[in-house]
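Only one structure is covered here, and it is reproduced in the block below.
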Amino acid sequence: MSKMIEFAGMPNAGKTSVIEMIDRQLRRDGYTVYSSPEGANLIRNGRQLKWLYDVRTFIYSLSVLIDNLKHQDYDVVLFDRAVFDAIGWLN
């Protein structure tokens, strides 16, 4: 079963840099790794309605999570702000 790790935090906190370092190290150690793109970088439309934008990024990250649980093609899946983060923004 894939191990899923989410990095959450404020913008420009260094999450992406840490994910890149961990990704490289895990690959060197022989693990198969998928680093999921941050939903906020993929979903551009809808920022006028903040709550709807947050729901859309949540749905995106949840679908990536479900797809990886279903297929289990990777040892480790790294998330840059995903389900936990989206729920936090909705609150």
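The values are calculated or read from the model by the stated rules, or taken from the named source; none is laboratory data. From a predicted model like this one, the values you see are computed outputs, not experimental measurements. Ideal geometry is used to build each Cβ from the backbone, glycine not excepted, and the neighbour counts take in all protein chains shown. Just so you know, the surface numbers come from the protein's heavy atoms only, side chains and all, with ligands and any DNA or RNA stripped out. Shrake-Rupley method; radii C 1.70, N 1.55, O 1.52, S 1.80 Å.
Listing for the model above:
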| quantity | calculated |
| --- | --- |
| Candidate lysines for bridging to residue 70, where Cα separation is under 16 Å - those fewer than 8 sequence places away on the same chain excluded | 3 |
| Sum of -39500 (n - 2.57) over DSSP H runs of 4+, divided by residues of the chain (222 nm, nearest 500) | -16500 deg cm²/dmol |
| Å² of accessible area per residue within the chain, as computed with a 1.4 Å probe and no ligands counted | 66 Å² |
| Portion, in percent, of the accessible area of the chain that falls on carbon or sulfur, probe 1.4 Å | 58 percent |
| Filtered trypsin sites (Lys or Arg not before Pro), segment 3-91: DSSP coil and at most 16 other beta carbons within 10 Å | 44, 47 |
| The chain: relative contact order in percent, alpha carbon pairs under 8 Å with at least 6 residues between | 50 percent |
| The chain - charge dipole about Cα centre, Lys and Arg +1 at Cβ, Asp and Glu -1, debye rounded to 20 | 240 debye |
| Using distinct alpha-carbon pairs, which all enter the 1/r mean, Kirkwood radius of the chain in Å | 13.6 Å |
